[in-house]
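Notes for the one structure printed next.
The values are calculated or read from the model by the stated rules, or taken from the named source; none is laboratory data. Keep in mind the model is a prediction, meaning the values are calculated, not measured. Heads up, the Cβs are rebuilt from the backbone with ideal geometry, glycines too, and the neighbour counts pull from every protein chain shown. We work out accessible area using only protein heavy atoms, side chains counted, and drop any ligands, DNA or RNA first. Shrake-Rupley method; radii C 1.70, N 1.55, O 1.52, S 1.80 Å.
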Amino acid sequence: MFHDRLQALLVPALQDAFSQLFNHALDVRSIGFQQTRPEFEGDVTINVFPFLKISGKGPEQTAQAIGEFLVAKVDVVERFNVVKGFLNIVISDAYWLGFLREAGEKDILAFPSTGEKVMVEYASPNTNKPLHLGHLRNIFLGWSVSRILEAAGNEVIKVQVINDRGIHICKSMLAWQKFGNGETPASSGLKGDKLVGKYYVEFDKAYKKEVDVLVASGRSKDEAEKEAPILLEAQDMLRKWEANDPEVRALWETMNGWVYAGFDATYERAGVSFDKNYYESRTYVLGKADVLEGLKKGVFYEKDGAVWVDNTAEGLDEKVLLRRDGTSVYMTQDIGTAIKRFEEFPGLSKLIYTVGNEQDYHFKALFIILKKLGFQWADELFHLSYGMVDLPSGKMKSREGTVVDADDLIQEVVDTARAVTTELGKLDDFNDEEKAVLFEMIGLAALKYFLLKVDPKKRMLFDPAASIDMQGHTGPFIQYTYARIRSLLRKGGELSVAGGQLSGAAGRTPADNHQLIIEEKAVVKLLHQFPAVLNEAATKLDPSSMANHTYELVKAYNSFYQSVPVMKEEDPAKRVFRLSLSRAVADTVRKAMWCLGIEVPERM
RNA sequence: GACCCCGUAGCUCAGCUGGAUAGAGCAGCAGCCUUCUAAGCUGCCGGUCGUUGGUUCGAAUCCAACCGGGGUCGCCA
């Protein structure tokens, strides 16, 4: 399956050429297509150096022979030139026009169904504190990858695991009991997750104080940190939670409820959602039986009363799966949860975990273990590992208060969008409601694009000033280009606005004898590459390639727009062609941004 | 110490399944609004692609070593 429809024509022809000219069966993968450099004439370039042994001729003769064959046998190959070992092929305008007609008739960023069901896990917060910048990279990434996979023809199930139990939430609960005076989100006006986070900080303060007192009374730091009464109390509370103590459970339900309301508000504003939530309080018991089963089968072994797995053959270490006292570790429940998901969703073909790269080792081990337990699907597990987000001041540290809060950050970009947009003063006839929607759209575009344009695998620097930038390589720049095209199409009479739905088919089918000028061709070629980019993004689970290609496209379009008249063009055929080109760009940009989780406005 | 990731322009990033003189944005400088939205466009300035070897007709891209930055190595999560 070729996502590049031009290569779909050229590859078979090249195979014919090699078999007829050189009596050789050409391996498709050995053909390296590249964009012709702007200083030479041509649309596609093939480097013939790798083929010299096959042809037994020099580079010029080899390229010449292939070029002549293609011109003779392939309609869309108009002519060619040879520079050193490079065969530059010129594709006919008719081909590009044909492609554009296709782009007018269908969504070029929608692939036929693969029939596959894919689960994407992302977000996965702890319930003791609010979401921060690091979560936002995770959330936008997971959401975008889900959209990309959907566009590529998969059925996608979006899930999160909520870490709702454990010592962390007990600390918040205890501090709230001690110092909260019955404070609630309603009584304080604080968002639920913020309120619970506040008591997590309160716990830490009280704990530190106690540690200091103990140290002053002659304890070592280690001892003090283990013996601080408030910590012991929190541990006691965790035990009570595990023993189903009704009072503790009730408080836990209440406070987690506050947190979920807070998270939901953040998710909604960020424009993301989930098809299913998994709660650690329910999944943490999973996996035990599976580990014991593995022990029985001899996949694992017992040592010092604990159950171990030996991954040294795979270059990893030995790892505990069940403690001596029979209780679970983190790995245990991850094993159980994975198994449960494949049971719950029969036919699930792939499971993607969006989790930071500090857990690379953990997931390597997890996948190996599941493979050892004999699950076929273990090969279809994927750790979408992404890099940390650094601040100009260094790493984010909750203890040092350098964490960038997600809600605050979103508010800030939206405020900036408001300020910039108001300054530009193009919204005279917008009402307040419309303005609010637009500011939200622009601010979030700036933030999301900033986080998504970087290769997810890489650690990235979050420069607050750059993240709210709306010029250059940014989300709002792309939105702006889109809005400008929509304006053009409205003026072209091609669109009529009715109930927010834009309709009108004129300008979708350009004449087939149009001669492309260089600015038009640049845009068409970038559009033409887009399906292959989507395919790559879906394969590599990498939204950054989509983000960057969208930018390339709108940049080329802006250049075209600036120097070539569209509506002002007097020749009706040219005008229709340029409108159809503009429309195809707008449609594709809208879809590409949809894949990134970014909305585009009709006007801005 | 072992293992993993990263090192490209002043800053932030593309390019990395080897291919033609290494690309953007920001910052700086100079232009372009009586024409379809100037959140734009055009031009200039700016790089020993961390270093040294190696493989190759050809290396930012592959391999090795070293230097620098980060991460992981718990019967924690």
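For a 29 Å ceiling on Cα separation, which of these pairs sit above it: A:LYS178/A:LYS397; A:LYS457/A:LYS555; A:LYS525/A:LYS574; A:LYS221/A:LYS458? Over 29 Å Cα-Cα: A:LYS221/A:LYS458. Between A:GLN376 and A:ASP408, the simple spin-label model (points 7 angstrom out along Cα→Cβ) gives 5.1 nm. For A:TYR386, the accessible surface of its heavy atoms amounts to roughly 30 Å² (probe 1.4 Å, protein chains only, rounded to the nearest 10).
Between A:ASN244 and A:ARG323, the contour length at 0.36 nm per residue exceeds the Cα-Cα span by 26.3 nm. One quarter of the convex hull surface built on the alpha carbon atoms of segment A:5-91 amounts to 4.9 nm², the projected area averaged over directions. Placing dummy labels 7 Å off each Cα toward the beta-carbon, the span from A:LYS53 to A:ASN277 is 6.0 nm.
Taken over the C-alpha atoms, chain A has Rg and Dmax values of 29.4, 93 angstrom. Between amide H atoms placed 1.01 Å from N, distances below 5 Å from A:GLY356 occur with A:TYR386, all of them 5 or more places distant or on a separate chain. Across segment A:49-59, coupling constants 3J(HN,Hα) worked out from phi with the 6.51/-1.76/1.60 Karplus curve, θ = phi - 60°, read 3, x, 9, 5, 5, 5, 7, x, 10, x, x Hz, and Gly and Pro carry x. Between A:ASP222 and A:ASP360, the FRET efficiency estimated from the beta carbon spacing at R0 = 35 angstrom works out to 0.75.
Around the amide H of A:GLY287, modelled in the peptide plane, lie the amide H atoms of A:GLY336, all under 5 Å away and 5 or more residues distant in sequence or on another chain.
Put a plus charge on the Cβ of each Lys and Arg, a minus charge on the Cβ of each Asp and Glu, and nothing anywhere else: the dipole of chain A about its Cα centre is then about 480 debye.
Annotation: amide H-H contacts under 5 Å for A:LEU322 (H modelled 1.01 Å from N, sequence separation of 5 or more, or interchain): A:VAL307. Taking one quarter of the surface of the convex hull spanned by the alpha-carbon atoms of segment A:57-155 gives a direction-averaged projected area of 11.9 nm².
So if we plug the beta-carbon distance of A:SER559 and A:ASP390 into 1/(1 + (r/R0)^6) with R0 = 30 Å, what FRET efficiency do we get, rounded to 0.05? Computed FRET efficiency for A:SER559 and A:ASP390: 0.30. Between A:GLU343 and A:LEU427, the modelled label-to-label distance comes to 5.2 nm, taking each label 7 Å out from Cα in the direction of the beta carbon. Rounded to the nearest 20 debye, the dipole magnitude of segment A:5-91 is 240 debye, with +1 charges on Lys and Arg beta carbons, -1 on Asp and Glu beta carbons, and the Cα centre as origin.
Karplus-derived 3J(HN,Hα) values for segment A:380-396, using 6.51 cos²θ - 1.76 cosθ + 1.60 with θ = phi - 60°, are 9, 8, 9, 8, 7, 8, 10, x, 5, 9, 9, 9, x, 7, x, 6, 6 Hz; glycine and proline are entered as x. Its relative contact order, with pairs defined as Cα atoms under 8 Å and 6+ residues apart, puts chain A at 16 percent. Measuring r between the beta carbons of A:ARG101 and A:GLU68 and using R0 = 35 Å, the FRET efficiency lands at 0.75. Computed 3J(HN,Hα) for segment A:303-317, one whole-Hz value per residue from the Karplus formula 6.51 cos²θ - 1.76 cosθ + 1.60 where θ = phi - 60°, is 8, 6, x, 9, 9, 10, 10, 10, 10, 5, 5, 8, x, 9, 10, glycine and proline marked x.
Around A:VAL329, what is the net charge, scoring Lys/Arg as +1 and Asp/Glu as -1 over all other residues with Cβ under 12 Å from its Cβ? Local net charge: +2. Taking segment A:47-62 and a reference point 7 angstrom along Cα→Cβ of A:PHE33, the backbone N atoms nearer than 13 Å belong to A:47. Between segment A:352-412 and segment A:541-578, what's the alpha-carbon centroid distance in Å? The two parts, judged by their Cα centres, are 37 Å apart.
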